[in-house]
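**Q** Let me begin by handing over the structure; questions about it come next.
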Amino acid sequence: MAHSNLIQNQQQFLSTATDFFQTLFESSLQSKRGDIEIRTFPINQAHQQIFCKSETDAAKVSHQLCNQGIDVYFGVNPRVGNAGKKENVHFLAAFHAEVDYGSDGHKKDPEYANYEEALAAIENFKMRPTIVNHSGGGLHCYWVLCNPVEVSEIGIPHLESINKALIKKIGGDLGTHDISRVLRVPGTFNFKLEGNPRKVVNLWLDGPRYSYEDFQLLIK
């Protein structure tokens, strides 16, 4: 399959992806708390990691990679040291949850049978996510913090316990709670199903922003 024309409107893609990255990372980038990691997992090749210092650069890199037929992911939280492990996440910019549905492309059975059920669970949750993307086989939720918090002051276990609590509340995948998680970039394509590339679509990015303290009741 030829992939060079998958993204039909480059300008629209760059605008959507830049807005997405800006909503997540504007505060972190302005205060130099880390870079945006773009990561790929090409078939039969070593994964690639590209670290971007601006939202526009991250969007441009994502566009180039997607049109090569490559699944494009990004690090949910900013990275330091040109690496994407937990120790490279010094500030947490957002909590997140991944909510799968159906059976196509999943290794284990999700809680929800279809898109409508999964979306309803998210919309009925009292803490509306700041951003929700549809990945083709699931929904990715982000609760963006007004001010990123320093990981060393709070501790990785505590921060990840909040991710776990959010995932449990909305019926997501508990194996996706890590603060170094990578998820798909909106506007790119999900190539997991051979011969059926599914576009990653942003559903909204105008939800409320939160303070770290807003999440404490979830884990009490």
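The values are calculated or read from the model by the stated rules, or taken from the named source; none is laboratory data. No experiment lies behind these values; they were computed from the predicted model shown. Because the Cβ atoms are built from the backbone with ideal geometry, glycine has one as well, and the counts that use them run over all protein chains shown. Just the protein is used for accessible areas: all its heavy atoms, side chains included, with ligands, DNA and RNA removed. Shrake-Rupley method; radii C 1.70, N 1.55, O 1.52, S 1.80 Å.
**Q** Taking amide H atoms as placed 1.01 Å from N in the peptide plane, list the residues 5 or more away in sequence, or in a different chain, whose amide H sits under 5 Å from that of Val149.
**A** Leu92
**Q** Using a Gaussian network for the chain with springs between C-alpha atoms less than 10 Å apart, which of these wobbles most: Asn147, Asn124, Asn82?
**A** Greatest mean-square fluctuation among the candidates belongs to Asn124.
**Q** Then there is this: Work out from phi, with θ = phi - 60° and the Karplus expression 6.51 cos²θ - 1.76 cosθ + 1.60, the ³J(HN,Hα) of each residue of region 109-114, listed in order in whole Hz, and give x for Gly and Pro.
**A** 6, x, 6, 10, 7, 8
**Q** Tell me which trypsin sites (Lys or Arg not before Pro) from region 94-168 have a DSSP coil assignment and no more than 14 other beta carbons within 10 Å of their own. Working shown, then result.
**A** Details: sites: Lys107, Lys108, Lys126, Lys164, Lys168; in loops: Lys107, Lys108, Lys126.
In loop regions of region 94-168 (DSSP not H, G, I, E or B), the sparsely surrounded trypsin sites (Lys or Arg not before Pro) are Lys107, Lys108, Lys126.
**Q** Whenever you get a sec, compute what percent of the accessible area on region 17-132 sits on carbon and sulfur atoms (1.4 Å probe). The partial results should precede the final answer.
**A** Values: 2450 of 5500 Å².
That share works out to 44 percent.
**Q** In region 151-207, carbon and sulfur make up what percent of the accessible area (probe 1.4 Å)? Kindly include the intermediate steps, with their values, before the conclusion.
**A** Working: 1170 of 2450 Å².
Summing carbon and sulfur atoms, their accessible area is 48 percent of the total for region 151-207.
**Q** Accessible area per residue of region 137-200 at 1.4 Å probe, in Å²? The partial results should precede the final answer.
**A** Working: 2370 Å² over 64 residues.
Result: 37 Å² of accessible area for each residue.
**Q** What FRET efficiency comes out for Ser103 versus Lys32 if R0 is 30 angstrom and r is the Cβ-Cβ distance? Round to the nearest 0.05.
**A** Numbers: r = 44 Å, r/R0 = 1.45.
That pair, Ser103 with Lys32, gives E of 0.10.
**Q** Lysines near Lys60 by alpha-carbon distance under 24 Å, same-chain residues fewer than 8 away left out - which ones?
**A** Excluding near neighbours in sequence, the set is Lys32, Lys85, Lys192, Lys199.
**Q** While we're here: Between Asn44 and Lys168, what FRET efficiency follows from the Cβ-Cβ distance if R0 is 25 Å, with the result rounded to 0.05? Intermediate values should be presented prior to the final figure.
**A** On the way: r = 36 Å, r/R0 = 1.44.
Calculated transfer efficiency: 0.10.
**Q** Give me a comma-separated list of calculated 3J(HN,Hα) values for region 59-66, in order, Karplus coefficients 6.51, -1.76, 1.60 applied at θ = phi - 60°, integers in Hz, x for any Gly or Pro.
**A** Each residue of region 59-66 in turn: 5, 5, 5, 4, 4, 4, 5, 4 Hz.
**Q** Apply the Karplus curve 6.51 cos²θ - 1.76 cosθ + 1.60, θ = phi - 60°, to the phi angles in region 12-27 and return the couplings in whole Hz, x for Gly and Pro.
**A** 5, 4, 4, 5, 5, 5, 5, 4, 4, 5, 5, 4, 7, 10, 3, 5
**Q** Another question, if that's okay. Which is the longest stretch in the chain that no exposed loop site breaks, taking sites as GluC sites (Glu not before Pro) with a DSSP loop state and at most 14 other Cβ atoms within 10 Å? Write down the numbers at each step before the final one.
**A** Numbers: sites that count: Glu111, Glu194.
Maximal segment without exposed cleavage sites: 1-110.
**Q** Among the trypsin sites (Lys or Arg not before Pro) within region 27-56, which fall in a DSSP loop and have no more than 13 other Cβ atoms within 10 Å of their own Cβ?
**A** Numbers: sites: Lys32, Arg33, Arg39, Lys53; in loops: Lys32, Arg33, Lys53.
Here the sparse-neighbourhood loop sites are Lys32, Lys53.
**Q** Let me ask another. So for Trp143, Trp204, what's the accessible-area order with a 1.4 Å probe, most first? Don't skip to the answer; put the middle values down first.
**A** Numbers: Trp143 0, Trp204 25 Å².
Solvent-accessible surface, decreasing: Trp204, Trp143.
**Q** Mind listing the long-range amide H neighbours of Thr188? Cut-off is under 5 Å, sequence gap 5 or more, other chains count too, H placed in the peptide plane at 1.01 Å from N.
**A** Sorted by chain and number, the residues that satisfy this are Val200.
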